[in-house]
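Since the structure comes first, as structure tokens, the remarks are kept for the end.
The values are calculated or read from the model by the stated rules, or taken from the named source; none is laboratory data. Please read all numbers here as calculations on a predicted model, not as lab measurements. When we count neighbours, we look across all protein chains shown, and the Cβ atoms used for this are built from the backbone with ideal geometry, even at glycine. Surface areas here come from the heavy atoms of the whole protein model, side chains and all, with no ligands, DNA or RNA. Shrake-Rupley method; radii C 1.70, N 1.55, O 1.52, S 1.80 Å.
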Amino acid sequence: MRVPVSWLREYCDPGWDSDRLAERLALTGTEVERVSHAGAPSSEGFVVGRVTGVGPHPDADRLSVCTVDTGDGERTIVCGAPNVAAGQLVPVALPGAVLPGDVKLKKAKLRGVESDGMILSESELELGEDSDGIAVIDQDIAGSSGEPARRRAGARLARPGPAHRARPGTPLAEVVAVSDDVLELEVTSNRADCLAIYGVAREVHAISEASLADPPWSEDAEAAGEGAAVDYASVTVEVPELCPRFTARVFTGVTVGPSPIWLKARLVAAGQRPINNVVDITNYVMLLTGQPLHAFDLAQVPDGALVVRTARPGERITTLDGVERSLESDTVLVCDREKASGIAGIMGGAASEVSERTSRVLLEVATWDGVNILRTSRRLGLRSEASARFEKQLHPALTMRAQRIASRLLIELCGAKLVPGTIDAGEEPDPIEVTLRVPRVGRLIGLEIDAETCAARLERLGFGVRRNGDEIRATVPPERASDVSREADLIEEVARLGNLDTELPSTLPATRERIGRLTREQLLRRDAEDALRGIGADEIVGWSLAAPDLPERLRLPAGDPRRELVELSNPLSVEHSVLRPLLLASLLDAARLNLARGAEHVVLFESGHAYLRDGDRAGGELGGSFSGGHPAPVYEPHRLAYLASGEPPQRWRGEPVPYDYFAAKAALEALLGRLGLASEVEAAEQPFLHPGRSARLLVEGAAVGWVGELHPLVARDWDLAGGAAFEVDLAPLIAAAPSGGEPYHDVTTFPAVYQDVAVVVPDDVAAARVREVVLEGGGELLRSAEVFDLYRGEQVGENSKSLALRLSFQAPDRTLTDEEVGERRAAITAALERIGGSLRE
């Protein structure tokens, strides 16, 4: 919603500049997206002038030399417009004025004649595209000889005060907004009243307590036409549930032509394109009141009969934008006896639009079902200023407000005669009354506000107020009927008009329990995430939504519970219509995107939910059995997943260290180590992992995750050269993690003794078993034992292998001697013999 500030100030002027006005509106719930500007940078140097003489240019056939009275005397202005004539009141830019586009006007000689200013066209004022002729100020507003203008509806609507007196030298800004700030509002769906200039003015009045002008619909037009409205037209509403009210008035003797300059200026500043005076009036009134209107050429409506009905099967209509549209059966139409004349509440039809030949007008102002308008607008892909208002559910009382204003303007600006009577199908519902208990205000918002202040704030917002002690009965104004329906709504209105940012006391909630602490589960989850950050992995937040072909892309076989996808009931697209059964899918998507954008490698992890159907039977790898089974139809385990892919930056002996099974297992061991758990894996296959290069993680004998290299076909499907990944369920890991805080070792100042040993064992003995035996034999003095190399060859014999381990011996209270270390090595040798191993010399 674009709100020209000059128009707003006609109804309420708090004396604030535009930025202050925008700030106060935003702080009280009316979001101002930006403050923009329309027209010239400044109104300085723009005045009203009267052309007192026009003569030919001595050296140019298409130029005229005009004498113009600008209030400070007469000046010569050279003009090229064909419509310039003596006696006209015209907008004039004096030397020094800055035109739209930051063009500063100077005195200039045109074909030898000095021009002391410029008579402006509509295009130069940015009021339209007409650049062939000058703009002429409405004589009825200005008065032909400087006398007070007669009181007219158009002038009063433009300016609520006395009729404007314009004479030569009057600043142009007093006649037309040549330079204006515009508030661009982001109106929420519940505040249809702020889609009206007068509604925003009431909001400013409530905020600032500045005076508010009387509503522009307080006076109706005088009916001077012949006969009665029912002699010219009739209305039949077949779907009253979709059209609560339909009003129509008839006007004769209508002269269709350009709108006056002040009306064009306001429409352009508000974002509307001037068309002709009849259409411009309907747009003007819509912007002023928030109630859309539609004008029919009555001659194009057979017998003047209008019918409101839903579309018939296969029915089509060509709308005002020239597009032929197919209609669904619940689309509401305004029709004549032969065809549809318009899509109700959205856009009229081309057949009955107002044109230069129009002399009789049927003015429709109706109320439509907001949900139906919204649904139809979305289905047709057709959104208009009218539909944006109707979809917020307008009140039937607004129809007659718009009829009164539009009637006065049609009479004054189009020379029309209003035929007596209003065709009114429907009725106005009784007003809503809501009770506000004043003590409830303090309990709900934490700030005590007395009854007098509550009543005053509600009155400024247009509510009717009756007080009975600490109880207020508030009658909701029609423009707020769809927004305010309960006591809490009234409390919100009272609260937002105060200075909550400064008045609201700062208090802590009262409780007997300690608050603000993380639970054990939350702490351990953060530790697990920190472990992966610590090894250089980047965290992502992937989409929980996926495409239904994900199981095929991951090669999940028939019968795999992860194929039973959870489907969304209202997906935005097919590509996002199901929930992911594995976090791996999100990591693969992120890896493909980053590598395609030039990243050499990615190391990613995500902490989030996967979604499985029927958790109580979704056993197997990462199924519902991890948490003891879930009877819920949808099981949402919290998981931690890791993926590395691309060209690794690490090198070993000049060769890149690949992102293979061992790289992923090392990352998994870092995670488990942070939680105080030892890794326990066994060979197992997953359909999306490389056969023979994958395993599952066991905790207390149960499978809680998998680790391995990506299957080549899966990697190719995601445009990856390869990679390795793991995914684990956090719940069983956290449950198995030791309690009592994070383990630690005292820091000692005594030095450690480091030794490298080579252990020969049979080929079928796992490295983890060798390390376990070495640690047992080393006793308390052996602080660590890490495997760092593997050798197979002739020197160790067939069916044997050699593992290199780095040993660290250290005592907390002394420096170890060679004898003590030797004793530990002997114990290690003895322990290795139990598994068929020995130390290589």
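In table form, for the structure just shown:
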read-out	value
Nearest-0.05 FRET efficiency for D549 and T507, computed from C-beta distance (R0 60 Å)	0.65
Separation between Cα centres of the range 714-736 and the range 332-375, rounded to whole Å	59 Å
Net charge contributed by nearby residues that have their C-beta within less than 14 Å of I423 (K/R +1, D/E -1)	-3
Rounded to the nearest 10 Å², the accessible area of C454 at probe 1.4 Å	0 Å²
Total charge dipole magnitude, the range 658-796, about the Cα centre, Cβ charges on Lys, Arg, Asp, Glu only, Debye to nearest 20	100 debye
Computed lengthening from R167 to L110, 0.36 nm per intervening residue step minus Cα-Cα distance	17.8 nm
Inter-label distance for E174 and T815, nm, one decimal - labels placed 7 Å from Cα along Cα-to-Cβ	10.1 nm
Exposure of I207 as accessible area (Å², to 10), given a probe of 1.4 Å and all protein chains	20 Å²
Reach of K801 by Cα under 29 Å, taken over lysines that are not fewer than 8 positions away in the same chain	K665
Rg(Cα) / (2.2 N^0.38 Å) computed for the range 170-210, rounded to two decimals	1.49
Two-site label geometry, E669 and S42: point separation in nm, points 7 Å out along Cα→Cβ	7.6 nm
Whole-Å distance, taken between Cα centres, linking the range 1-35 and the range 585-612	46 Å
Length released on extending from A596 to A768, taking residue separation times 0.36 nm less the Cα-Cα span	58.1 nm
Debye, to nearest 20: dipole size of the chain, +1 on Lys, Arg Cβ, -1 on Asp, Glu Cβ	1320 debye
Long-range HN-HN contacts of S234 with modeled amide H, under 5 Å	A305, L306
Distance in nm between pseudo-label sites at V796 and T748 (7 Å out along the Cβ direction from Cα)	3.1 nm
K665, K339, reordered so the largest accessible area comes first (probe 1.4 Å)	K339, K665
Accessible area, probe 1.4 Å, largest first, for residues H690, H37, H57	H37, H690, H57
Gain in span if fully extended, L382 to D132, counting 0.36 nm per residue against the direct Cα distance	86.6 nm
Calculated FRET efficiency for the pair Q522/T453, C-beta based, R₀ 56 Å, to 0.05	0.80
Residue among Q522, L508, A305 farthest towards the positive dipole end of the chain, charges placed on Cβ	A305
Assigned charges on the beta-carbon of Lys, Arg, Asp, Glu; the range 26-68 dipole about Cα centre (debye)	140 debye
Where D181, D116, D132 fall by accessible area, highest first, once all protein chains stay in place (1.4 Å)	D132, D181, D116
Two-site FRET efficiency, R357 against E427, from Cβ-Cβ distance with R₀ of 35 Å, rounded to 0.05	0.45
Among H37, I411, T435 the positive-end extreme of the charge dipole of the chain (Cβ point charges)	I411
Whole-angstrom gap from the range 406-453 to the range 47-71, using each part's C-alpha centre	51 Å
